[in-house]
Each structure stands twice: as structure tokens, then as C-alpha cells.
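Chemist: Take this structure, written in C-alpha cells, and hold onto it; I'll ask about it next.
Only the coordinates and a few stated rules stand behind these numbers; no lab work does. Just so you know, these numbers come straight off a predicted model, no measurement behind them. In this analysis, Cβ positions are derived from the backbone assuming ideal geometry, glycine residues included, and neighbour counts consider all displayed protein chains.
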């Protein structure tokens, strides 16, 4: 069962992703409310996958992504964000994100993306 | 302020609310707003930085917010508690995120700050400049989109989102 870390600054989004992914059989091993905590929890928990928001206080998801990929070039990260600018999507994918989901999302799209990313890792 | 700066927020607001509520909100009359104005019962404040700069303030009543939060939630929710507050903050984030995508397509690259939620009617808010306001009428009530944005001459770099977060600290 894949172990997932959720990083989003809103309680609502973390709870929503937790419900969607837990119902799909994944194990939510940790949560982070900003990019700095996302990197720290990644180091501590070594999850199979990270769901990572971009707009967060302290450190953005893009900065956290860069640090996570430096810590672990094999990390599996899916961006889950309201930001859909082409430049930002390209930057995230070039930095190493495996997929990019734009909010609001349909729950089955998130599950499909996670399954795909896990199967390719 | 250019009228074209508010249009992306209106389009994004309609799209996001239609996805959440299931019916398309109706757009009300555009009006000019002074730099200082008083709030509705709930206000979501988001900073915009980059090619254009300023603030967006979404105003709505507690009743409307509670209904929207319930529609957003995968679990039943009745009261306007911490979870519902968080859902409404996320609503502001989603509308603003989509709006910056539209602004980017129009040539104005920008980033958003994390949302701040203010609770309390008739609180005085001041934005950097006068702005424009458009109400959206949903099945759950009215949401006002207040936009006060000006073009900036700052350079747009790949660290745009980091600077937005830094400006929020």
C-alpha cells in the first residue's frame, strides 16, 4: 500500500485529499501545511509519493519540490494546485514533478494520477 | 485600474463556482470601489504580485459561505467552523489561481499569496488603490469580487511565486 505525504496550507484540502486517497486504499503517513514542513516530513517519513500544493506560506511548493528532488532524485511528486500557468506547469515538470493536477479536481482524477505515478516509480 | 484586470477574476469565479455548486452564477453590475471600503461578514484577501500587483478581496455572507463550504466538502458539514473557514479560503485560492492563469495568457504574469480570511461585517479594508467590484449571484447567495490591481514594472523571474510567499510573511 503506497505511503503518501500531503502538503497543502489549507486544512480543507488536506482533509479532502486524505479522504479521497484513503478511500482508494492509500496510506496517508503525514501532512505538511507549508513547503518547509513538506521537505522536513519528506526526509523524516520517506513517503512513496507527495501531493504538493504551490501557494503556501514559509516556502512555496516549487521551492519544496526542488529541495525534495535534490534530497531524492527518485522522489515521486504530484503537484496539486490552483495555479495553471503554462510556465509554472513546465517549471514543475522540469524540476521533477511526475504530474500536475489543477484544483478544483474530480476525486477519480486524483486517484488515477496517483496510481499512474506509483506504477511508474 | 484597467477593467481588463477584473475580467479574469469574474470568469474564473464563474467557472470555479459552477464546478462547485453545479449551476452557473449570474454576473452583476460592475462598479467602481474606493480604496477604502467596509467588508461583508466574511472576506478572503489575496495578494497579487508580479506583472500586475495589488489585492483581490472576495466578500460574502456567513450563510452563503456555509452553503458553499458544504457543497465543497466530501463529508457533511453544517456549521461555519475551522474546516468550513478553510474551505472558503481555498475557494479564494482556486478562483485567484485560475484568474492568474488567464492574466498570464493575456500577457500579465503574476503570482498569488496564500489567502487570509477576515471574519466580521463592516470592518474597514484599505487596498493600495481604488478598484472595481463585480457581484456574482449564486444559488447560495452573493459573492462580491473586489479587485484593486495596477501594472507593475517589476521583472518577472522564475522565483515569482517565492516572492509572493515572501511578501505574505
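Chemist: Ratio of Rg to Rh for the protein assembly as shown, alpha carbon only, Kirkwood?
Modeler: Working: Rg = 18.4 Å, Rh = 19.1 Å.
Here the Rg-to-Rh quotient is 0.96.
Chemist: Sticking with this structure for a sec: Given a Förster radius of 45 Å and the C-beta distance between residue B:162 and residue B:19 as r, what FRET efficiency does 1/(1 + (r/R0)^6) yield to the nearest 0.05? Let's see the in-between values first.
Modeler: Numbers: r = 29 Å, r/R0 = 0.64.
After rounding, the FRET efficiency stands at 0.95.
Chemist: Separate question: In nm, to one decimal, how far is the residue A:119 label point from the residue B:137 one, both placed 7 Å along Cα→Cβ?
Modeler: Here the modelled spin labels are 4.8 nm apart.
Chemist: Let me see the pair-distance distribution of chain B: every alpha carbon pair, 10 Å bin width, integer percents in order.
Modeler: Calculated P(r), rounded to whole percents: 11, 42, 36, 11, 1.
Chemist: Relative contact order of segment A:61-121, please, whole-number percent, based on alpha carbon pairs below 8 angstrom and at least 6 residues apart.
Modeler: About 37 percent, as a whole number.
Chemist: Right, next: Exposure proxy check: B:161, B:98 ranked by fewest other beta carbons within 10 Å?
Modeler: Values: B:161 26, B:98 23.
Fewest-to-most ranking of B:161, B:98: B:98, B:161.
Chemist: Here's another thing I want to ask about it. On the Cα set of chain A, report Rg and Dmax in Å, please.
Modeler: Cα-based Rg and Dmax for chain A come out at 12.5, 34 Å.
Chemist: Then there's this: Got the relative contact order for chain B handy, in percent, Cα pairs under 8 Å and 6 or more residues apart?
Modeler: Relative contact order, chain B: 38 percent.
Chemist: Starting from the Cα of residue B:29, move 7 Å in the Cα-to-Cβ direction to define the label point; list residues of segment B:117-143 whose amide nitrogen is under 20 Å from there.
Modeler: Answer for segment B:117-143: B:131-138, B:141-143.
Chemist: Ranked by Cβ crowding within 10 angstrom, fewest neighbours first, how are A:106, B:142 ordered?
Modeler: Ascending Cβ contact count within 10 Å gives the list A:106, B:142.
Chemist: How high is the relative contact order of segment A:3-120, in percent, counting Cα pairs under 8 Å that sit 6 or more residues apart?
Modeler: It rounds to 23 percent for segment A:3-120.
Chemist: Of A:120, A:3, how do they rank once you tally other Cβ atoms within 10 Å and put the fewest first? Each step should come with its number before you reach the end.
Modeler: Details: A:120 9, A:3 14.
Going from least to most buried by this count: A:120, A:3.
Chemist: Sticking with this one: How big is the antiparallel share of DSSP beta bridges in the protein assembly as shown, given as a percent to the nearest 5?
Modeler: Percentage antiparallel, nearest 5: 70.
Chemist: Between residue B:151 and residue B:75, what length in nm is gained on full extension when 0.36 nm per residue of separation is reduced by their alpha carbon distance?
Modeler: Roughly 23.2 nm would be gained on extension.
Chemist: Let me ask something additional. Based solely on its DSSP helices, what 222 nm [θ] is calculated for chain B when runs of n ≥ 4 H residues each add -39,500 (n - 2.57) and the sum is averaged over all residues, nearest 500 deg cm²/dmol?
Modeler: Taken over chain B, the calculation gives -11500 deg cm²/dmol.
Chemist: Report the FRET efficiency, 1/(1 + (r/R0)^6), for residue A:105 and residue A:46, where r is their Cβ-Cβ distance and R0 is 25 Å, rounded to 0.05.
Modeler: 0.45
Chemist: For chain A, what does the helix formula give at 222 nm: sum of -39500 (n - 2.57) over DSSP H segments with n ≥ 4, over the residue count, nearest 500 deg cm²/dmol? Walk me through the numbers before you get to the answer.
Modeler: On the way: 5 runs with 59 residues, N = 121.
Result for chain A, helices only: -15000 deg cm²/dmol.
Chemist: Separation of segment B:1-78 and segment B:88-151 by C-alpha centroid, Å?
Modeler: That distance is 6 Å.
Chemist: Here is a further query. Grab the beta carbon distance between residue B:61 and residue A:29, set R0 = 51 Å, and tell me the FRET efficiency rounded to 0.05.
Modeler: Efficiency at R0 = 51 Å is approximately 0.85.
Chemist: Which of these, B:51, B:28, B:92, has the largest mean-square fluctuation under a Gaussian network model of chain B (Cα springs below 10 Å)?
Modeler: B:28
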